[in-house]
Amino acid sequence: MSDEEHHFESKADAGASKTYPQQAGTIRKNGYIVIKGRPCKVVEVSTSKTGKHGHAKCHFVGIDIFTAKKLEDIVPSSHNCDVPHVNRTDYQLIDIAEDGFLSLLTENGNTKDDLKLPTDESLLTQIKDGFAEGKDLVVSVMSAMGEEQICALKDIGPKN
Amino acid sequence: MQGFTAPTTDFTELQSTMRAIEHACTSIQMHINPGASEAVILSLGQSSQPYKTCQFILENSQVATARFQAAAAIREAAIREWGFLSADDKRGLISFCLCYVMQHASSPDGYVQAKVSSVATQLMKRGWLEFVPAEKEALFYQVNQAIVGIHGLDVQFAGIKFLDSLVSEFSPSTSSAMGLPREFHEQCRRSLEQDYLKTFYRWTQEAASSVTNRIIESDSAVPEVKVCTAALDHMLQILNWDFRSNTSETKINVNVFSAGVRQDGDSLKRSECHLVQPGSDWHDVLILSSHVGWLLSLYAALRLKFSCEGYWLDCPIAVSARKLVVQFCSLTGAVFLSDDGKMHEQHLLQLLSGIIEWVDPPDAVSKAIENGKSDSEMLDGCRALLAIANVTTPYVFEGLLKSMRPIGTLTFLSMLMSEVIKVLMTSNTEEETWSWEARDVLLDTWTAILTPINTINVNALLPSEGIKAAANLFGFIVECELRLASATAFNDEGDSDYLHASVSAMDERLSCYALIARASIDVTIPLLIRVFSERVGHLNQGRGIIDLTETLEELYSLLLIIGHVIADEGEGELPLVPNTIQTQFVVNAVEADKHPVILLSSSIIKFAEQCLSPEMRASVFSPRLMESIIWFLARWSRTYLMSSDGIGEKILDSGHHHEHSSKKALLCFFGEHNQGKLVLDIIVRISFIALTSYPGEKDLQGLTCYQLLHSLVQQKHICVHLVTLNSWRELATVFSTEKTLLLLDTAHQRSLAQTLVRSASGIRNSEASSQYVRNLMGPIATYIVEISSKSNFKSIAQQPDILLSVSCMLERLRGAASASEPRTQKAIYDLGFSVMNHILVFLEVYKHESAVVYLLLKFVVDWIDGQITYLEAQETAAVVNFCMRLLQLYSSHNIGKISLSLSSSLLSEAKTDKYRDLRALLQLLSSLCSKDMIDFSSDSIEAQGTNISQVVYFGLHMVTPLISMDLLKYPKLCHDYFSLLSHMLEVYPETFAQLNSEAFAHILGTLDFGLHHQDADVVSKCLRALQALASYHYKETGSGNIGLGAHTVGHKDSSGNVQEGLLNRFLRSLLQLLLFEDYSSDLISVAADALLPLILCEQGLYQRLGNELIERQPNATLKSRLANALHTLTSANQLSSSLDRINYQRFRKNLNSFLVQVRGFLRTM
């Protein structure tokens, strides 16, 4: 882990930069987009025209990256869309508290204790079982538009 | 059935087996315990010598499906055990099936009949090369007696059906797999063609003739119809045979498929172009016997008799008769005597006189169809015309109808097609009606007529009336297409889906229209000029006043038609000016600008130029219209703009002044020294507008980048002028320094970068060329360097705007990297080198952003692929070091990583991302491998101590742990991985020997996986890798070295279990695969090449395995057979212990024989 110091922006600033405008035509599959106020990953993009000689419009199918719901939107290609600022940060898993919160070690040596275990059974099991086996786990946390969720697990060392 | 040594002879036992099979068949149909039932049924075919039982079931069972399964079991067992069945048993089985089919000819269970018939034909074929002619004659005598009709109509029908089955089995495209090489099937095919096909045809012909009178005289349906229909179908099947024995005698002047190179690019794919060329041997059967007359008379008589009953046209006998008539139209070659085509013409005239009634007069026939008459006769008439067109010259084709009517065939064809198009335009285009299919067939007919053969003088192609007919037809087509465009201008339901689905069909149709237009080019080009001018005039008058959508759609359609008429697509080559345009117009050099094609092209370019005006863009130039303009300019410029074809004009000019003056005028007018540069500038400016003034129009921008600009920079002499244009320099400047083009789709960024870098080939001075690339791409590299050097880069990197910029820049770098050529190689190397370390920073920062990671990897792959062969030793060392760090970094990010998500779609996406990354890494390693193969540098890479094989193995070592067995299920990843692995093991086996045991075991695991893959290509690569390893070890140990060393001896793994050595393990595995498992027979040769060195390396184990196999056999006879076969495998054909080419060939033959001998009984349960 790097010893480099970082100053995290406070929670109060998160909302100010949670989305950016981007032309619809430049958003492609595997990118991100805000649909109905939800941050989504784009899984399908198709284009059509408004009539034969009209201008192009993009049809997006996205999956809410936090709730897994499928959402759709149609936007004229030349118009701007909101694109969520999706951040992913790695933390080392220190402990799982009795009340269901995780204790994570940040890069600068502080702890982060405000992340709750996921409620989904299969996700929960993967995290708890990995931790119980004594593995050195690195947890990736995805954050966007004021929400956070674990998105990946990584075992970085041998079993004890 | 005497002489059988079947193990079961007891009636009670036969009865109980039959009951069991019947019960299983019934159960499986009712879905009761299907697994168990299936096992019972399968055991019948897999048991040893089940023939007595199967015959009992066939003769006694009341359950049709049980009889079907019994027949299938006979086939399976007999093919498997053929090697040791006695000759009498073989003939007996075939005879049993034949007699069964004849004796049960009236059975209602047709599928059982068909199955038994099929089994008989397959067994007959399996023994075909063993049976002497007398034995074959004895079997066919039974068939002949049936067909003659001695035993009644049902048996006659069954006999003909048997011949159907036989011809189908002997035809390569429909033969059954028998575990034998292709040569076997080819020999059978040749034998049947030479010795029996004509006999079968004659038998069937006589059978049909014998029942004809009865059918014609009867006023109601008679049983003879079934026999006649079957006979017609069989004759059709024989004529569909791929005759080969008389190919060399085919007349050149009537064979439209001659091997010579065509004069122009007018070749088009055709449907239903099967020619029937049986050769001179068939002259008596097909031509002299009045056979055709008989067929036409039969059809005409029945047609007349049932003319009041519309349903009759679709009855089997009517359909079969018409199909056979169409087939006769395709008859050509040596079957007609060499009398200058007179006999052939007579034949066609006879056919046409029968066919013409089906389609004439066209308007009356189409009205009748509209009123409920079947369309099948009309369609068959069109197909017959197509068939005739394929075997005649236009003059002969035209003259045929003139013998009967005042107009020629071409004029009639034009009328027919016009009628078809008229019907098509009035019907609902959402449905495929008869007119849709008829138009396609007739377009193919015109294509067959208009495709020239060995001539450049188009006047010899068509008679004058034909030219006139083509002109009329094309005019009608244009009128209808524009009317259709206008009618659908406001229709956008499902537009995008429809467009994509039909674009290739539309292109093919327009190409056919273009051929028709070119046949009368002096009329059709002026027509197009007039129609285009009218539409443009209409736009000018109506601008700002009325809705122009209809006119825009008409122009869209018209531009597509014009593009097809005056230029060919080229398909990767630079298309020439079409022949008819070259030769048809007589041009006075002084009046070049009056040339119709020049006028048409100039009109369109002037019109297109108007899109440079913002007001015109807003009111007239819709995105769709712009798409057609860009498409047209791309197609047109490939043929006419500064054509390099003009360079050779001086030579041609001296000898063929008249014929080539049109072409010369065209190419000069738009040449480098005339209007060419001006037009090029217009095109570049239009392209710039398309990219910058139509935001979000991805289709338009894609056409501009991938087709128009891409085709411009493909031609070096155009690049010379491009780089001097202010408009091109402006485009390059905007690209490298401004943000306008950042709004393009990222894939288009890549294409544009590639195009701009490629244009550097037009700069003559190599230093200036390099400087151009530096100026173009430098700012992009600077952006990458600067942003990754920011102290807060890590915190801003994930911002969407930064992500977008980074993605665009990386795509541009990819495009530039893939455009590398010798003169710009150094500049592009420097470009990549300058960002190399920053790529690693990006990989670290964006490790969670899979889209960016993929772009980074692809850039590196493209860059190295273009550079590696040119690099000097020091440069190679730097690049290799960079690659190793890249691999280490990627590996450390992904080892042990598990994606978590509630969404199965997102999890699937994450897996796909990993697959794409790994594939890119494998491509990177493959590129590095090529350094050892192709190297243009001035010193050896050894000068820097770089060992490519070690580097690539190290890379594989890091990558393979990331490749799980799940990921190997992606076909392309699997293919890339095994291609690289196979190559490494074949070329560097000694480095493989030095791997540590963990890496070694992992690679072996994937190798074992690959050996059992369902893709034969993957299995083949694994077998070649095995061969390389084993032969390396054998040769090394033969020289006293250690070869693969410790890896070939057993060892204990971490669990304490004893693991076999490498070669032992694979010898066992390979034998298991060959003897007991399913695989493609194409793999036997490469398997033999792997097996031979394995046997030589591990002779002790091989002996042991062989002995185990022998001991497992149930009786002494099989023990003896197997022992002999194993001995022969390693001793026949003077096989020795060396691994040379001759020995490998011998062993392949030995293995083939061995498998034929022993697989039959080894695979018995």
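As a test of the definition: which semi-axes, in Å, follow for the protein assembly as shown when you take the square root of five times each eigenvalue of its alpha carbon gyration tensor? Largest first, please. If you can, show how the numbers build up before the last one.
Values: eigenvalues 662, 540, 198 Å².
Listed largest to smallest, the semi-axes of the protein assembly as shown are 58, 52, 31 Å.
Once you charge only the Cβ atoms, +1 for Lys and Arg and -1 for Asp and Glu, what is the size of the charge dipole of the stretch B:273-461 about its Cα centre, to the nearest 20 debye?
Working: 12 positive and 22 negative charges, 77 e Å.
Roughly 380 debye for the stretch B:273-461.
Assuming R0 = 56 Å, can you tell me the calculated FRET efficiency for the pair A:ASP120 and B:SER1081, based on Cβ-Cβ distance, to the nearest 0.05? All intermediate terms of the calculation are to be shown ahead of the outcome.
Working: r = 50 Å, r/R0 = 0.90.
Taking R0 as 56 Å, the efficiency between A:ASP120 and B:SER1081 is 0.65.
Any idea what the dipole of chain B comes to, in debye rounded to 20, about its Cα centre with Lys/Arg Cβ at +1 and Asp/Glu Cβ at -1? Mind showing how you got there, number by number?
Numbers: 95 positive and 125 negative charges, 383 e Å.
Taking the Cα centre of chain B as origin, the dipole is about 1840 debye.
Based on the alpha carbon coordinates of the stretch B:1-156, what radius of gyration and maximum Cα-Cα distance (Dmax) apply, in Å?
Over the stretch B:1-156's Cα set, Rg and Dmax evaluate to 15.9, 49 Å.
In bins 5 Å wide, starting from 0, what share of all Cα pairs of the stretch B:881-943 does each bin hold, as a percent?
The distribution over the stretch B:881-943 is 4, 13, 18, 18, 14, 11, 8, 6, 4, 3, 1, 0, given as percents.
Give the value in nm², to one decimal: projected area of the alpha carbon convex hull of the stretch B:193-237, averaged over all directions. Provide the component values of the computation, followed by the final result.
Details: hull surface 12.0 nm².
Computed as one quarter of the Cα hull surface, the answer is 3.0 nm².
Nearest 0.05, what FRET efficiency do A:SER103 and B:ILE895 give at R0 = 30 Å with Cβ-Cβ as r? The partial results should precede the final answer.
Numbers: r = 24 Å, r/R0 = 0.81.
Once the sixth-power term is evaluated, E becomes 0.75.
For each of B:VAL785, B:VAL225, count neighbouring Cβ atoms within 10 Å of the residue's Cβ, then give the residues from fewest to most.
Working: B:VAL785 14, B:VAL225 18.
Result, fewest neighbours first: B:VAL785, B:VAL225.
After finding the eigenvalues of the alpha carbon gyration tensor for chain A, what semi-axes result from the square roots of 5 times each, listed largest first in whole Å? Present the calculation step by step, with values, prior to reporting the outcome.
Values: eigenvalues 273, 62, 34 Å².
With the √(5λ) rule applied to chain A, the semi-axes are 37, 18, 13 Å.
Which number comes out as Rg/Rh for the stretch A:86-155 once both Rg and the Kirkwood Rh are worked out on C-alpha atoms?
Working: Rg = 11.3 Å, Rh = 12.2 Å.
In the stretch A:86-155, Rg relative to Rh is 0.93.
Between B:TYR141, B:ALA747, B:LEU921, whose Cα lies farthest towards the positive end of the dipole of the protein assembly as shown when Lys and Arg beta carbons carry +1 and Asp and Glu beta carbons carry -1, centred on the Cα centre?
The one lying farthest along the dipole's positive direction is B:TYR141.
If you take the charge dipole of chain B about its Cα centre, with +1 on Lys and Arg Cβ and -1 on Asp and Glu Cβ, which of B:SER191, B:ALA1123, B:PHE735 is farthest toward its positive end?
Result: B:ALA1123, furthest along the dipole toward the positive end.
In peptide A:55-66, what is the residue-averaged number of other protein chain Cβ atoms found within 10 Å of each Cβ? Please report the intermediate quantities before stating the final value.
Values: counts 7, 11, 1, 2, 1, 0, 1, 0, 7, 3, 4, 3.
Mean shielding count: 3.
What's the extension gain from B:GLU370 to B:VAL987 if we count 0.36 nm per residue and subtract their Cα-Cα distance? Present the calculation step by step, with values, prior to reporting the outcome.
On the way: separation 617, 0.36 × 617 = 222.12 nm, distance 7.00 nm.
Gain on stretching B:GLU370 to B:VAL987: 215.1 nm.
Got a sec? How would B:SER403, B:SER622 order by Cβ neighbour count within 10 Å, fewest to most? Let's see the in-between values first.
Working: B:SER403 11, B:SER622 26.
Going from least to most buried by this count: B:SER403, B:SER622.
Taking the convex hull of the Cα atoms, report for chain B its projected area averaged over all directions, in nm². It would help to have the intermediate numbers written out before the result.
Working: hull surface 226.1 nm².
If I average the Cα hull's projected area over directions, I get 56.5 nm².
Would you please name the GluC sites (Glu not before Pro) within the stretch B:1072-1132 that are DSSP coil residues with at most 14 other C-beta atoms within 10 Å of their C-beta?
Working: sites: B:GLU1077, B:GLU1098, B:GLU1108, B:GLU1111; in loops: B:GLU1077, B:GLU1098.
Taking the stretch B:1072-1132 and a limit of 14 other Cβ atoms within 10 Å, the loop GluC sites (Glu not before Pro) found are B:GLU1077.
Explain nothing, just the number: dipole magnitude of the stretch A:19-84 about its Cα centre with +1 on each Lys and Arg Cβ and -1 on each Asp and Glu Cβ, in debye rounded to the nearest 20. Please report the intermediate quantities before stating the final value.
Values: 10 positive and 5 negative charges, 31 e Å.
Computed about the Cα centre, the dipole is about 160 debye.
Can you pull the mean other chain C-beta count within 10 Å for peptide A:43-52?
On the way: counts 5, 1, 1, 3, 5, 6, 9, 2, 9, 16.
That works out to 6 on average.
The stretch B:1112-1149 to the stretch B:122-170: how many Å between their Cα centroids?
Cα centroid to Cα centroid, the span is 37 Å.
Loop by DSSP (not H, G, I, E, B), at most 12 other beta-carbon atoms within 10 Å: where is the longest site-free stretch of chain B for trypsin sites (Lys or Arg not before Pro)? Show your work: numbers first, answer last.
Values: sites that count: B:LYS269, B:LYS739, B:ARG764, B:LYS790, B:ARG1112.
That would be B:270-738.
Based on the inverse mean of 1/r over its pairs of different Cα atoms, what is the Kirkwood hydrodynamic radius of the stretch A:19-84, in Å? Each step should come with its number before you reach the end.
Details: mean 1/r = 0.0857 Å⁻¹.
Mean inverse Cα-Cα distance, inverted, gives 11.7 Å.
Which order do B:GLU169, B:GLU615, B:GLU22 fall in if you start with the one that has the fewest other Cβ atoms within 10 Å? It would help to have the intermediate numbers written out before the result.
On the way: B:GLU169 23, B:GLU615 10, B:GLU22 18.
Least to most surrounded, the residues fall as B:GLU615, B:GLU22, B:GLU169.
Where in chain B are the helices, taken as whole DSSP H runs, whose Cα atoms extend 15 angstrom or more along the long axis and whose Kyte-Doolittle mean reaches at least 1.0? Display every interim value, and only then the final one.
Values: long enough: B:11-29 (27 Å, -0.09); B:34-46 (18 Å, 0.68); B:64-81 (26 Å, 0.08); B:87-103 (24 Å, 0.38); B:110-126 (24 Å, -0.08); B:133-148 (21 Å, 0.04); B:153-170 (26 Å, 0.81); B:182-195 (20 Å, -2.10); B:197-217 (31 Å, -0.45); B:224-239 (23 Å, 0.87); B:291-305 (21 Å, 0.79); B:316-329 (20 Å, 1.11); B:342-359 (25 Å, 0.22); B:376-390 (21 Å, 0.63); B:409-426 (26 Å, 1.42); B:434-450 (24 Å, 0.22); B:464-487 (35 Å, 0.70); B:495-519 (34 Å, 0.06); B:521-542 (31 Å, 0.46); B:549-566 (26 Å, 1.06); B:596-609 (19 Å, 1.32); B:623-640 (25 Å, -0.05); B:657-669 (17 Å, -0.60); B:676-692 (24 Å, 1.68); B:726-737 (16 Å, -0.23); B:746-758 (18 Å, -0.46); B:766-789 (32 Å, 0.14); B:800-817 (25 Å, 0.68); B:825-845 (29 Å, 0.89); B:850-867 (25 Å, 1.08); B:873-894 (32 Å, 0.16); B:904-933 (44 Å, -0.22); B:948-959 (16 Å, 1.37); B:971-987 (24 Å, 0.28); B:997-1011 (21 Å, 0.84); B:1016-1038 (32 Å, -0.08); B:1062-1076 (21 Å, 1.28); B:1084-1097 (20 Å, 2.17); B:1099-1111 (18 Å, -0.63); B:1116-1129 (20 Å, 0.24); B:1141-1162 (31 Å, -0.42).
Those that clear 15 Å and a mean of 1.0 are B:316-329, B:409-426, B:549-566, B:596-609, B:676-692, B:850-867, B:948-959, B:1062-1076, B:1084-1097.
Nearest 10 degrees, 0 to 90: what angle lies between the long axis of helix A:121-132 and the longest principal axis of chain A (Cα atoms)?
Between helix and principal axis, roughly 30 degrees.
At 25 °C and 0.890 mPa s, grab the translational diffusion coefficient of the stretch B:273-461 from Stokes-Einstein with a Kirkwood Rh over Cα pairs, rounded to a whole number in µm² per second.
Numbers: Rh = 17.3 Å.
Once the numbers are plugged in, D ends up at 141 µm²/s.
Work out the charge dipole of the stretch A:86-155 with +1 on the Cβ of Lys and Arg and -1 on the Cβ of Asp and Glu about the Cα centre, then indicate which of A:ILE96, A:PRO118, A:SER140 is farthest towards its positive end.
Farthest towards the positive end: A:SER140.
Here, each number is a calculation from the coordinates, and none is a lab measurement. All of these numbers come straight from a predicted model, not from anything done at the bench. Cβ sites come from the backbone with ideal geometry, for glycine too, and all protein chains shown count toward neighbours.
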